[in-house]
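S.K.: The structure is given below, and queries will be raised subsequently.
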Amino acid sequence: MKILITGGAGFIGSNLTEYFLEKEYKVVCLDNFATGHRHNIEGFLTNPNYQLIEGDIRDLETCKKAVDSVDYVLHQAALGSVPRSINDPITSNEVNVSGFLNMLVASRDANVKRFVYAASSSTYGDSESLPKVENKIGKPLSPYAITKYVNELYADIFSKTYGLETIGLRYFNVFGRKQDPNGAYAAVIPKFVMQFMNYESPVINGDGNFSRDFTYIDNVIQMNELAMLSENPKAINTVYNTAFGERTTLNDLVKSLKEYLSEFDNKIANVEVIHGPNRVGDIPHSLASIDKAKELLNYNPKFSMKDGLKEAVQWYWNNLK
């Protein structure tokens, strides 16, 4: 079978690519390298089952070329980051909404079997209920959150109107190997790891008691595969939380990071942490209910936050030190 992975040179996309190539799928990668990296895909370029298309999802013809003869689409391409969307809402909208719509149209026209896409926990917005359950959301708190909610609305319409099978995966703070520690919009875990390894003090936004459902990359790969291949008719044309189902405060996260990194370099244990102001658009607490995914997709996440963090720290130490 042939899979298109958009954003295939990014963190999640390149991990999905590696996994499915090992299972001997044919994989097409579409990426414009705006946030993806060539070093993430270097190992695939000589694989006869791998094809790279360098292009932008904002161009419909590029999307049509990418979906040609493809069975499944795993749509990961997007401009992530709440702060990025606040600083530049227009580009976030162009990529995340217009680009998403292009991919839906191209997939519909190519008779793709199923369109699985990266949704986001940011869709829960100002809803204060915990854990987060798929059918109860609040108002979005950032332009990024709006774009990801619009994705869900478009996917639903394409399912109902055109019969395109869609499944959205609401990712909760995904982390793991290949996640970029650099740049203004780097995710918190790789950024803090790099700072600790350089004996720099990481800055926690707020008092550190905000909590997140940190989700290791292998759990996300499992969800993508289950969503792509599920033959349960009740499981399609809907959205799922993609998480482990436990929450960790930022203070506890930093404590674990220092502990695991100190096994490689005991000086890291003495690096101080700085607290800054809360970040605009941040929700205080995030925790997923994964009951729906367990029931309809037989999801069984293997990695807790701490188990995944040990793996991630090992990878960063081996690859970035």
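S.K.: Would you mind checking which residues have amide H under 5 Å from L287's amide H? H placed 1.01 Å from N; only 5 or more apart, or other chain.
M.R.: K132
S.K.: Which of V97, G308, G168 sits farthest toward the positive end of the charge dipole of the chain, with +1 on the Cβ of Lys and Arg and -1 on the Cβ of Asp and Glu?
M.R.: G168
S.K.: Expressed as a whole percentage, what fraction of the accessible surface of region 177-321 belongs to carbon and sulfur atoms when a 1.4 Å probe is rolled over the protein heavy atoms?
M.R.: Details: 3160 of 6820 Å².
After summing per-atom areas, the C and S share lands at 46 percent.
S.K.: Can I ask one more? With only alpha-carbon atoms in the gyration tensor, what are the semi-axes of the equivalent ellipsoid for the chain, in Å, largest first?
M.R.: Here the semi-axes work out to 31, 22, 19 Å.
S.K.: Same structure again: Which residue fluctuates the most in the chain, going by a Gaussian network model with Cα springs under 10 Å, if the choices are G245, G168, G138?
M.R.: Its mean-square fluctuation being the largest, the pick is G138.
S.K.: Using the Cα atoms of region 37-154 to build a convex hull, what is its mean projected area in square nanometres?
M.R.: With the hull built on Cα positions only, its mean projection is 8.8 nm².
S.K.: Can you check what the net charge comes to around R212, using other residues whose Cβ is under 13 Å from the Cβ of R212 (Lys, Arg +1; Asp, Glu -1)? Mind dumping the intermediate values first?
M.R.: Numbers: positive: K132, R247, R279; negative: D213, E246, D252, D282.
Net of charged neighbours comes to -1.
S.K.: Could you derive backbone 3J(HN,Hα) for region 156-163 from the dihedral phi with the Karplus parameters 6.51, -1.76 and 1.60 (θ = phi - 60°), listing whole Hz in sequence and x where the residue is Gly or Pro?
M.R.: 4, 5, 5, 5, 6, 8, 10, x
S.K.: Whose amide H sits under 5 Å from the amide H of V239, counting only residues 5 or more places off or on another chain, with H placed in the peptide plane?
M.R.: G168
S.K.: Tell me which lysines have Cα within less than 20 Å of K234's Cα, excluding those fewer than 8 residues away on the same chain?
M.R.: Those lysines meeting the cut-off are K113, K136, K160, K292, K294.
S.K.: Given the options N266, N32, N219, which has the most mean-square fluctuation in a GNM of the chain, springs set between C-alpha atoms less than 10 angstrom apart?
M.R.: In the Gaussian network model the winner is N266.
S.K.: Right, something else. For the chain, what's the relative contact order in percent, using C-alpha pairs closer than 8 Å and at least 6 residues apart? Let's see the in-between values first.
M.R.: On the way: 644 pairs, mean separation 53.9, N = 321.
17 percent.
S.K.: With a Cα-only, solvent-free Debye model of region 1-72, what are the log10 I(q)/I(0) values at q = 0.14, 0.15, 0.18, 0.26 Å⁻¹?
M.R.: So the normalised log intensities work out to -0.35, -0.41, -0.59, -1.22.
S.K.: Angle check, please: helix 305-320 long axis (alpha carbons) against the longest principal axis of the chain (alpha carbons), in degrees 0 to 90, nearest 10.
M.R.: 90 degrees
S.K.: Residue by residue, what Karplus-based ³J(HN,Hα) values in Hz, rounded to whole numbers, does region 102-112 have, using 6.51, -1.76 and 1.60 with θ = phi - 60° and x for Gly and Pro?
M.R.: 4, 5, 5, 4, 4, 5, 4, 5, 8, 6, 4
S.K.: Karplus couplings for region 221-230 from phi (6.51 cos²θ - 1.76 cosθ + 1.60, θ = phi - 60°), rounded to Hz, Gly and Pro as x?
M.R.: Running phi through 6.51 cos²θ - 1.76 cosθ + 1.60 with θ = phi - 60° gives 4, 4, 5, 4, 5, 5, 5, 5, 9, 4 Hz.
S.K.: So if we plug the beta-carbon distance of N298 and D252 into 1/(1 + (r/R0)^6) with R0 = 30 Å, what FRET efficiency do we get, rounded to 0.05?
M.R.: 0.50
S.K.: When all C-alpha to C-alpha distances in region 243-321 are sorted into bins of 10 Å, what percent of pairs does each bin hold, rounded to whole numbers?
M.R.: Spelled out bin by bin, region 243-321 gives 14, 36, 33, 15, 2 percent.
S.K.: Turning to a different aspect of this structure: Work out Dmax and Rg for region 198-289 from the C-alpha atoms and quote the Rg first, both in angstrom.
M.R.: For region 198-289, the Cα-based Rg and Dmax read 17.5, 54 Å.
S.K.: Something else: If you line up the long axis of helix 188-197 against the longest principal axis of the chain, both from Cα atoms, how many degrees apart are they, to the nearest 10?
M.R.: 40 degrees
S.K.: Hey, how many Å between the Cα centroid of region 216-236 and the Cα centroid of region 66-87?
M.R.: Computed from Cα coordinates, the inter-centre distance equals 17 Å.
The values are calculated or read from the model by the stated rules, or taken from the named source; none is laboratory data. Nothing here was measured: the structure is a model prediction, and the numbers come from that model. Glycine gets a Cβ as well: all are built from the backbone with ideal geometry, and neighbour counts include every protein chain shown. Heads up: the accessible areas ignore ligands, DNA and RNA and are worked out on the full protein's heavy atoms, side chains in. Shrake-Rupley method; radii C 1.70, N 1.55, O 1.52, S 1.80 Å.
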